[in-house]
Amino acid sequence: MEGSGLFKSLFGFRPRMRSEWLSILTAVYVLSFLNATFWNKSFAYLNGDAMALLALGVGILAIFVALFVSLSVKYLTKPVLILFVLASVSGAWFMDRFGVIIDSEMVRNVVETNQAEAGHLITSAFIMHMVIFGLLPSLLIATVEIVHRPILKKVGVNLLIIIPCLAVFALAGYSHSGTFMFNIRQHRDWFHTLNPLFPMGSAVKLFIRKGEEQTIIAQPLGTDAKVADDRKSVDRKPRVTVVVVGETARAANFQLGGYGRETNPELSKRDILYFKNTSSCGTATAVSVPCMFSVYGRQDYSHSKALASEDLMDVLTHAGVKTEWWDNNTGDKQVADRIKKIEFFRSGDPRFCSGGECLDQILVDGLDAWLDKVDGDAVLVLHQLGNHGPAYYLRYPEEFRTFTPDCRTVDFDACTPETITNAYDNALLYTDHILSEVIDKLGAHADRLDTAMIYMSDHGESLGEKGLYLHGAPYMFAPDEQTHVPFVLWTSPGLRQSTGIDTSCLSAKTDAHQSQDELFHSVLGLMRVETKVYDPSLDIFASCRDGVSS
């Protein structure tokens, strides 16, 4: 191997080692140096119980050694060990820096991201981390000359290591089984941070799923849909609803919900309703966006179910409602596969775009022209880039730098918590402006259209609470900051009149719990679409229509 010859020429020797010893040393390195999050959680959850920690350390080391040695097969030893090291180094960076858990949906986010988004995460600090803790140890592994035994003897030696290790693992676990089981039940995130076993297992699980998903064909949904008061039989204006899908906006920082800063100065002056207690379906775009438009609620939702069924946009189309999707994020997540869509983030428009990303102003730039052409009932979805992190500072133009100093880098280690929050709040301030512009443009067409705007963020964001940053935590133990999302509703007087909506009744619902499960049925209700798949109990307008109060 060329690398081996280079090492020998530089240092005058080439290390020689049995494959089992190389595997053991790699296991010790990965467990000791690339599992800081796991060990920090272990110490915290076990309350410093020295004997339990000792048993845990011995047991985990034993199972790591057993696993790594079992994979020390001729011709595969080095590639497998290098893969384990590089995967562990990468996983450690994101778990240690941002507190994320790398489950299957987090891996899906990585797979489905675009170049611009990935570029914000691959910083110079990340590259340096990969070089020091990943590349250099990998080069050392590649350099070692492995001394191989005959196959039968190798199997025997490996088993002499693996079997006692499995026994030690079982004994260590049994010695404090009560303590371990109690803490695993109480802290479900604990072993999800064991690197690289859980992240690699999640990746394997995802790719198996993706293979299965390739054969899924969306089945028709709501083909019986029709508009209750079709314009062919009723003299009324066309109804137009703009659904703005927010990105990474958390309710905790919305002024409308009681946040101390003025992050919603423009919306506060509009005749809107803000639903203060709204929960998301997921903690990542790849889950929440398709779930929001799916007929399945959070409890029943799965990615494969969503792919196997048409969604809200299809049901609206079946009813004769014009549907369109404008995207300024990383794509529609297959929600708009069967309708017209425009991916503005690919436009490269120099007025709004730079580095493969665009300011959300690009979504409203052509809204007036689109509204001028509408001649029937229509639903338009605007998918924002919003507050997508960690580059919050790139989400707003200079004139919206109200909260300063703001973090001007994607490397959070170089920023204080206050400057990170300032940048995040500035991005919310810009979203406030975008939403207000949408409302004003819809209101300006009141002479010929009855209009509404629904804004709902896909998920929230952690800004350092409990050591967590960004989003994507498994829902079962995700913090409120990642699942509590803003939900804004604006309706024109004409639309309220034509649909019989009682705003005082709706106002009474603003403190009650709402969820993204309601978007599907509420949009159908707002557009007066009748279909067997419509559930009035999940329509926020149903009990407030025609003067009927909840």
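The values are calculated or read from the model by the stated rules, or taken from the named source; none is laboratory data. It should be emphasised that the depicted structure is a prediction, and the values quoted were computed from it without experimental measurement. Backbone-built Cβ (ideal geometry, glycine too); neighbour counts: all protein chains shown.
Structure notes:
Listed here are the residues, each with its yes/no results for (1) over 30 Å from residue 231 (Cβ atoms); (2) assigned by TED's automatic domain parsing to the domain that holds residue 97; (3) outside any helix (DSSP H, G or I); (4) under 26 Å from the mean Cα position of the chain (by Cα).
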residue	(1), (2), (3), (4)
372	no, no, no, no
381	no, no, yes, yes
385	yes, no, yes, yes
404	yes, no, yes, no
408	yes, no, yes, yes
424	yes, no, no, yes
438	no, no, no, yes
447	no, no, yes, no
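- In segment 96-140, the residue that is surrounded by the fewest Cβ atoms within 10 Å (Cβ to Cβ) out of those that are among the polar types (S, T, N, Q) and not in a helix (DSSP H, G or I) is 114.
- Residue within segment 229-245 that is modelled with pLDDT of 95 or more, surrounded by fewer than 16 Cβ atoms within 10 Å (Cβ to Cβ) and outside the structural domain of residue 434 (by TED's automatic domain parsing) present: no
To keep it simple, each residue is scored yes or no on (1) free of Cβ contacts under 8 Å to residues at least 40 places away in the same chain; (2) aromatic (Phe, Trp, Tyr).
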residue: 407; (1), (2): yes, no
residue: 411; (1), (2): no, no
residue: 428; (1), (2): no, no
residue: 456; (1), (2): no, no
residue: 472; (1), (2): no, no
residue: 482; (1), (2): no, no
residue: 486; (1), (2): no, no
residue: 490; (1), (2): no, yes
residue: 499; (1), (2): no, no
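- Residue 446 being surrounded by 24 or more Cβ atoms within 10 Å (Cβ to Cβ) and touching a residue at least 40 places away in the same chain (Cβ under 8 Å): no
- In segment 411-424 there is at least one residue that is at pLDDT 95 or above, crowded, with 23+ Cβ neighbours inside 10 Å, within 20 Å of residue 285 (Cα to Cα) and touching a helix residue (DSSP H, G or I) at 6+ places or on another chain (Cβ under 8 Å).
- For segment 42-79, the set of residues classified as part of a helix (DSSP H, G or I) and free of Cβ contacts under 8 Å to residues at least 12 places away in the same chain consists of 43, 44, 50, 53, 54, 57, 79, listed by residue number.
- Of the residues contained in segment 251-273, one or more are found to be closer than 21 Å to residue 538 by Cβ and either surrounded by fewer than 24 Cβ atoms within 10 Å (Cβ to Cβ) or basic (Lys, Arg) (or both).
- Of the numbered criteria (1) over 30 Å from residue 191 (Cβ atoms); (2) hydrophobic (A, V, I, L, M, F, W, C); (3) surrounded by fewer than 20 Cβ atoms within 10 Å (Cβ to Cβ), the one residue 520 fails is (3).
- Assessment of segment 392-400 against the conditions (of a type in the set (Lys, Arg) and more than 18 Å from the chain's Cα centre (by Cα)) yields no matching residue.
- Filtering 509, 532 for residues that are of a type in the set (Lys, Arg), assigned to a loop (DSSP other than H, G, I, E, B), farther than 27 Å from residue 222 by Cα and assigned by TED's automatic domain parsing to the domain that holds residue 276 leaves a single hit, 509.
- Filtered residue count, segment 274-318, keeping only those that are small (Gly, Ala, Ser), under 23 Å from residue 489 (Cα atoms) and surrounded by fewer than 18 Cβ atoms within 10 Å (Cβ to Cβ): 1
- Scanning segment 464-495 for residues that are over 30 Å from residue 189 (Cβ atoms) and crowded, with 17+ Cβ neighbours inside 10 Å returns 488, 489, 490, 491, 492, 494, 495.
- When segment 39-92 is filtered for residues that are closer than 22 Å to residue 184 by Cβ, charged (D, E, K, R) and crowded, with 17+ Cβ neighbours inside 10 Å, only 41 remains.
- Positions within segment 171-220 being in contact (Cβ under 8 Å) with a residue 60 or more places away in the chain and assigned to a loop (DSSP other than H, G, I, E, B), in sequence order: 176, 187, 188, 189, 190, 194, 195, 196, 216, 217, 218, 220
- Qualifying residue in segment 352-359 (condition: part of a helix (DSSP H, G or I), assigned by TED's automatic domain parsing to the domain that holds residue 529 and surrounded by fewer than 18 Cβ atoms within 10 Å (Cβ to Cβ)): no
- Residue in segment 540-549 that is surrounded by 22 or more Cβ atoms within 10 Å (Cβ to Cβ) and assigned to a helix (DSSP H, G or I) present: yes
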